[in-house]
1. Given the criteria surrounded by fewer than 12 Cβ atoms within 10 Å (Cβ to Cβ), under 18 Å from the mean Cα position of the chain (by Cα) and hydrophobic (A, V, I, L, M, F, W, C), does B:Leu160 qualify?
2. Residue check: is B:Ile155 within 14 Å of another protein chain (Cβ to nearest Cβ) and assigned to a helix (DSSP H, G or I)?
3. Say whether the condition of being touching a helix residue (DSSP H, G or I) at 6+ places or on another chain (Cβ under 6 Å), surrounded by fewer than 24 Cβ atoms within 10 Å (Cβ to Cβ) and within 18 Å of A:Ala327 (Cβ to Cβ) is met by at least one residue in the stretch A:97-113.
4. Which residues, counting only those in the stretch B:100-151, are assigned to a helix (DSSP H, G or I) and either charged (D, E, K, R) or farther than 20 Å from B:Gln42 by Cα (or both)?
5. Any chance you could count how many residues in the stretch A:202-226 are closer than 19 Å to A:Gly147 by Cα, buried (at least 24 other Cβ atoms within 10 Å of the Cβ) and within 11 Å of another protein chain (Cβ to nearest Cβ)?
6. Please work out which one of (1) more than 11 Å from every other protein chain (Cβ to nearest Cβ); (2) aliphatic (A, V, I, L, M); (3) buried (at least 24 other Cβ atoms within 10 Å of the Cβ) is the condition A:Ala258 fails and give its number.
7. Step by step: first the residues of the stretch A:69-93, then only those that are in contact (Cβ under 8 Å) with a residue 60 or more places away in the chain and surrounded by 17 or more Cβ atoms within 10 Å (Cβ to Cβ), then the one that is nearest to A:Gly309 (Cα to Cα). Which residue is that?
8. With the checklist (1) within 23 Å of A:Gly248 (Cα to Cα); (2) open to solvent by less than 50 Å² (accessible area, probe 1.4 Å); (3) part of a loop (DSSP other than H, G, I, E, B) in hand, flag the one item A:Glu365 doesn't pass.
Amino acid sequence: MRKLAMVWMVLCLVLSAGTVLAEPLRIGALFSITGPAAFLGEPEKNTLEMLVKEINAKGGVKGQPVEAVIYDTTGDPTKAVQLATKLIKDDKVVAIIGPSTTGETMAVKPITEKEQIPLISCAAGIKITDPVNPWTFKTPANDHIAGEKILNYAVGKGQKKFALLTVSDGFGSSGREQLKGLLAKKGLELVADETFGPKDTDMTAQLTKIRAAGPDAIICWGTNPGPAVVTRNVKQLGIKIPLYMSHGVASKKYIELATPEAAEGVMLPAGKLTVFDKIKESDPQARLLKEYDAAYRKTFGVEASTFGGYAYDALQLIVAAVQKNGASSDQIRSGLEQTSKVVGVSGVFTMSAGDHNGLDLSAFEMVRITAGDWAIIQ
Amino acid sequence: MDFSQQISQYILSGLATGAIYALIGLGFAIIYNSTGIINFAQGEFVMLGGMFGVYFHTVHNFNLAVALLLAILFAAVSGVLFERLAIRPLRRATPLGLVIITIGGSILVRGLAMLVWGKDTHALPTFSGDEPLSLAGATLLPQHMWIFALTVLLIVLSKLFFQFTITGKALRACAVNQRAAGLVGIDVRRMVMFSFLLASGMGALAGIIIAPLTMTSYDVGIMLGLKGFCAAIIGGMSNGLGTVLGGLILGVLEALGAGLISSGYKDAVTFIILLLILFLRPQGLFSRGESERV
């Protein structure tokens, strides 16, 4: 009897829900909201929730409200895989945004490809979209674009011998591979190739070795706090060689941790969100960046981060694809592939069957840290 | 820059890092010596010290010295609470059970710290400036001098404490035989609590003096705890010089390994040493083998 009543109640709920609301556009999201990659997942989740609210307040997409089903993967690929299956089988989502890290994305990718659900990853690893799979996309610019930006600038300054100092995690080792390839391609010399652990607290040994190798410039590739320690150690050792950082530290937090005095003169490729108040008014992204930052500050009380932008762009791209093509998984997929000049937080996206990222060198600005702030350099 | 300058930089950097490991290792040794427990939550007290320091200094704007004392106090109280709530209720548990409880406790403390203070990395200002000091062709920061000085001070104090005070002697008695210590009128429970107080306070001090250099966040305790544990193992879990030498050796070998072999193997060096010691000289490098009387 009890069971019957339960079934009845559930049936009522399901039916009433179906009749009262218009069928929503249901989009899944996998973010590492807690755990070691929480600095990625948290702004991504915040941004997505904010943007969904904003879209629905404006009447949804073609009259359909958007519903985001967000799960926390805690940065664990196994969990990401389980949750992806849950999103597809139970929540019946038409597309998935995330996961936040390259490792999780590579684990989830085979499932979304098999189930034919478009996956728009918020992770930067180049492996995600190279080689291209019809169902997998990503919004962060490839690491090698950031690397190329650095090397183009450095070559312009006549620097020929480089030392690499990379963190021994996914981000660092991917950056290390890309940079080594780029150096070889451009005929530049690699004189030292050192690594450090994500939680290491002193890099003077590596830097001493690098100094002895006599490079023209040092390129450090990592995310906080490692690069901040490197920056302080460079000052401690009195090394005067130009220091480049990756886009992974393009936030004020890095300057704060490294201290403005030690960070003075450090150069890095930064996404335009970092310098949104310094780019030209004519920049196609200028307005969107200003609005995103203002909205984020208003809702969460902190400045918007590049990472949140990855989720922002992913949803924008899906919305654009739905508007162009229709709301089924297949239509979204082919719509994404036809993305052309969609202005986002990370850059201006133009995708094709052979390019599932759609960003180029214009996604970054080279900046130099001057008096604790960013200054754009040409 | 010639080779000898490189070597001296490696050694000095290694000594500086090693002194940190030594301070953390001492906390392990103190608790082990009075309770027989290896407290894997020791790294979390280091984290708590740093985070409380940041909290009092940057959120409440106390000056650095006051923030430092408050942080040590709060971390020490957390240590006592940890003992009261997690260790004492299970006095009859096996050593293995207690060790596992300390691991569980450390995960809990880390989780709470994450919830309360967030996931960001924080830095404290240095105690006396950032101007590097030159020493034998190598450079160090004034903060490193603080680390050396405080480490030496703590070793001397703890040596005096364990040798010459009643409480210190009582703690040592508990280490030898808790039952016998109880029979001669030592309040064993209080001594255990006291050892947690000491160890967590010491860990917290380590956490604060390294925070300006290495920065701190809710999850720094794991790696620092492991390195401190290695230092204590190399030193044979001694309360004094052994653990300190263990820490210094570890730091120097790490720096030399990173500089001369490859930085990719830096942590591997630590754990290879740990394994070798555990296999070949489980009693530590410096102590003679202990004979168990039956």
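1. Details: surrounded by fewer than 12 Cβ atoms within 10 Å (Cβ to Cβ): yes; under 18 Å from the mean Cα position of the chain (by Cα): no; hydrophobic (A, V, I, L, M, F, W, C): yes.
In short, no.
2. Working: within 14 Å of another protein chain (Cβ to nearest Cβ): no; assigned to a helix (DSSP H, G or I): yes.
Criteria not met by B:Ile155.
3. Scanning the stretch A:97-113, I find no residue that is touching a helix residue (DSSP H, G or I) at 6+ places or on another chain (Cβ under 6 Å), surrounded by fewer than 24 Cβ atoms within 10 Å (Cβ to Cβ) and within 18 Å of A:Ala327 (Cβ to Cβ), so the answer is no.
4. Pass one, the stretch B:100-151, residues assigned to a helix (DSSP H, G or I): B:100-117, B:142-151.
B:Arg110, B:Pro142, B:Gln143, B:His144, B:Met145, B:Trp146, B:Phe148, B:Ala149 - these are the residues of the stretch B:100-151 that are assigned to a helix (DSSP H, G or I) and either charged (D, E, K, R) or farther than 20 Å from B:Gln42 by Cα (or both).
5. 1
6. All conditions are met except number (1).
7. Just the residues of the stretch A:69-93 that are in contact (Cβ under 8 Å) with a residue 60 or more places away in the chain, to begin with: A:88, A:91-93.
Okay, now just the ones that are also surrounded by 17 or more Cβ atoms within 10 Å (Cβ to Cβ), so A:88, A:93.
Numbers: A:Ile88: 24, A:Val93: 22 Å.
The extreme case among them is A:Val93.
8. (3)
The values are calculated or read from the model by the stated rules, or taken from the named source; none is laboratory data. Note that the coordinates shown come from a computational prediction; the quantities given were computed from them, not determined experimentally. Heads up, the Cβs are rebuilt from the backbone with ideal geometry, glycines too, and the neighbour counts pull from every protein chain shown. Side chains included, ligands, DNA and RNA excluded: accessible areas come from the protein's heavy atoms. Shrake-Rupley method; radii C 1.70, N 1.55, O 1.52, S 1.80 Å.
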